[in-house]
Structures are given as C-alpha cells and as structure tokens.
1. Report, by residue number, each residue of segment 172-191 that is acidic (Asp, Glu) and either under 16 Å from residue 234 (Cα atoms) or free of Cβ contacts under 8 Å to residues at least 60 places away in the same chain (or both).
2. Go through segment 12-121 and tell me which helices (runs of 4 or more DSSP H), entirely inside it, have 1 or more residues that are in contact with a Gly (Cβ under 9 Å, 6 or more places away or on another chain), away from the ligand (no atom under 14 Å from the Cβ) and of a type in the set (Lys, Arg).
3. Name the residues in segment 152-180 that are more than 30 Å from residue 264 (Cβ to Cβ) and crowded, with 16+ Cβ neighbours inside 10 Å, would you?
4. Please go through segment 1-11 and pick out each residue that is more than 9 Å from the ligand (Cβ to nearest atom) and either within 23 Å of residue 196 (Cβ to Cβ) or in a helix (DSSP H, G or I) (or both).
5. Say whether the condition of being within 11 Å of the ligand (Cβ to nearest atom), on the phi > 0 side of the Ramachandran plot and either at pLDDT 95 or above or basic (Lys, Arg) (or both) is met by at least one residue in segment 151-170.
6. If you check 272, 261, which single one turns out to be crowded, with 23+ Cβ neighbours inside 10 Å and either touching a residue at least 12 places away in the same chain (Cβ under 8 Å) or small (Gly, Ala, Ser) (or both)?
7. Do we find a residue being over 28 Å from residue 18 (Cβ atoms), of a type in the set (S, T, N, Q) and surrounded by fewer than 17 Cβ atoms within 10 Å (Cβ to Cβ) anywhere in segment 133-147?
8. Out of 1, 54, which single residue is at pLDDT below 95 and in contact with a Lys or Arg (Cβ under 8 Å, 6 or more places away or on another chain)?
Amino acid sequence: MKAAVIGASGLVGSHLMKTCKDRGWDVMGTYSEHAQKGLIPLHMADPASIEEAMQKMKPEVVFLTAFNPNADYCEEHPKETWETNVQGNANVIEASQRIGAKTVYYSSDYIFNGKSGPYEEDATPDPICEYGKQKLAVEQMIRRLTKNHLIIRTTVVYGWEEQGKNFFCNLLAHLERGEEMKVPSDQIGTPTLVNDLAEASCSLVEVGASGIVNVAGPDRMSRYEFALHIARIFDLPVSKIIPVTTMELKQPARRPLNAGLLYDRLFQLANLQMKGVETGIRYLKETEKQTP
Ligand SMILES: NC(=O)c1ccc[n+]([C@@H]2O[C@H](COP(=O)([O-])OP(=O)(O)OC[C@H]3O[C@@H](n4cnc5c(N)ncnc54)[C@H](OP(=O)(O)O)[C@@H]3O)[C@@H](O)[C@H]2O)c1
C-alpha cells in the first residue's frame, strides 16, 4: 500500500507513519509548522504546496489528520480556522481525488451536542461549538465530493507525541513539575490510545472499509477519572488533580458533556479490540516517552 499522511508531525499523524512503516507500507508524510526529518512541507491554505506534495507522494490512500484541533482557539478565531480547517481540508480532499486516492478523514464526537452519548455512527449530529461545526462541515463535504472515503470518528486521543500537547502528556508534565491541574469532572468520554487508533486505521483501509466508523476506547469516564488513572499508574500525586465543573473552567468553547463513541462497527469490520484505559496507560508507562 502506498500512503500519505497529511499532518504527520502531529499526534495521530506521527503514529500513523509508524504503523504504516511497521506494516511494510510505502509512506510519506507532511508537516506545516513543526518540521521533522523526512517529512515534506504542506500548508492546507496553499493549494500549490498540496499539489506539489501529492505529485511527489502519489499515494493510494491519504490519511488526512491535518487540522487545528484546539476547540477554544477555533471558538475565538472562527473565520481564520474555517479557512484553514474547512477550506484547507477541501483543498486536500480535491487533490486526493484528482490522483484517485482514497481519503481517510478524522472526525470527532464534538459533532454531537453531548446530551445522549455514547454515540453510534448513525446518531444525529448537532454541534454546539465552532470546532464541532467545522469537523461536521468537512464530513458533509467529503461525502458530497467523493465516494472513495472513510470517516473515522474518534475522541480523547492520548499517547506519546513529540509536541507533548495532548491531555495525557500535558497532565504528566504538570504533575512531574509538582503543579496542580484543574480537570473537568463532568466531561464524559471514551479515551482512545493513539497506537490503537493508528492500527485500527490501517486495518480498516486493508479491509476496504468506507463510510463512517467510530474508533474509540471501550471505557467511558470523566476527564477527572481518566486523570486519576494516569497519575496512579505513573506514581504521581493524585492530590494535585483538582476536579472542577466545565462551567467553573470557563473554557471559551462549549463541550459536549455526555459524549463518547461506541465502536461495535469497528469490531464487526476489522475484529479489533481497543485497549481499555488501565491497559492503555500501562502500555504507555512501559514505552515511556517513546515518540514514533
Ligand atoms: N486528539 C484528539 O483527541 C482528537 C479527537 C477527535 C478527532 N481528532 C482529529 O484527529 C486529527 C488529528 O488530531 P491530532 O490530535 O493529531 O492533532 P495535532 O497533534 O494538532 O496535529 C495536527 C497536524 O495538522 C497539521 N496542521 C495543522 N494546521 C495545518 C495547516 N494549516 N496546513 C497543514 N497542516 C496543518 C500539524 O502540522 P504542524 O504541527 O507541523 O503545524 C499537525 O501535523 C484532527 O483532525 C482532529 O480534529 C483528534
């Protein structure tokens, strides 16, 4: 298989690169702001850089992970992030189509309102923040533009990464420095180990899956409970984790509180078991700080 990872310098993209290589696939990846050895530059707002990268890579499958996933930033900069995220993803999808490649797009449970999670693939979207609206807009666009696609919805992705900005890395950094961290006790989701997400993505491509598939962990818990698991397994002080409500946190973007995703379709299609939170965090402790 010949694959391209758009956004290979990020959390999901870097693990996709590793998983593709481990499977013996021919894979190339792109970065935007964070240059990494072996990656080629691609800026979603610049169609020429997309065309150039696609011509260089000529992939059969394009894993489209590039996005600004900072919900609060999207909320405060809706116009700017719509341009890069929605129009930018459109540019990549159109370029993928021109070379006949399958597009694998990464969506989120933020497309739901968080009143009745966990969600199956056919639940009705109703985003309550700008980031969720943008994720849904790209889903709708990809379905309109091409049949040759796979939409993977995922949530609360955690694991080792070079940029160290996901919740898991961020919490560890705070606790290792002896700092307190406020964590919402009313945001419920299904944490997903990034290594499993990457494995599932490649397996779904191998079985020829299309349409929407949820890829998420089997355990459903609040962000606070998730943080306690991380601290205990890494022998760090749980007393530094302060439970707060989302209202108290005053985050600019509204969050879908009762969220998370059900992954029965993934199991049917690829017979994959996703790791639960205990096993996933223990796995990360064993592979401490090993970024792909
Ligand atoms: N992480 C989660 O919990 C989660 C949950 C649900 C869905 N998702 C979705 O999964 C995908 C990947 O998320 P992630 O956590 O891996 O994000 P990430 O770590 O922030 O990585 C984003 C990637 O996109 C690239 N990028 C950002 N803006 C770009 C632009 N304008 N042009 C080209 N590339 C650009 C970044 O490149 P540089 O770093 O080099 O600038 C980086 O490689 C996103 O679509 C996200 O919405 C993530």
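1. Those that are acidic (Asp, Glu) and either under 16 Å from residue 234 (Cα atoms) or free of Cβ contacts under 8 Å to residues at least 60 places away in the same chain (or both): 176, 179, 180.
2. Values: elements: 47-57, 71-76, 78-81, 88-98.
Result: empty, no element qualifies.
3. Passing the criteria: 172, 174, 175.
4. 1, 3, 4
5. Yes.
6. Details: 272 fails: crowded, with 23+ Cβ neighbours inside 10 Å.
So the residue among 272, 261 that is crowded, with 23+ Cβ neighbours inside 10 Å and either touching a residue at least 12 places away in the same chain (Cβ under 8 Å) or small (Gly, Ala, Ser) (or both) is 261.
7. As a first pass, look at segment 133-147 and keep what is over 28 Å from residue 18 (Cβ atoms): 133, 136-137, 140-141, 143-145, 147.
Narrowing the set further to residues that are of a type in the set (S, T, N, Q) leaves 140.
If we keep only those that are surrounded by fewer than 17 Cβ atoms within 10 Å (Cβ to Cβ) as well, we get 140.
Yes, that holds for at least one residue.
8. Details: 1 fails: at pLDDT below 95.
Exactly one residue qualifies, and that residue is 54.
The values are calculated or read from the model by the stated rules, or taken from the named source; none is laboratory data. What you are looking at is a predicted structure, and each value in this text was computed from that prediction instead of being measured. All Cβ positions, glycine included, derive from the backbone under ideal geometry; neighbour counts span all protein chains shown.
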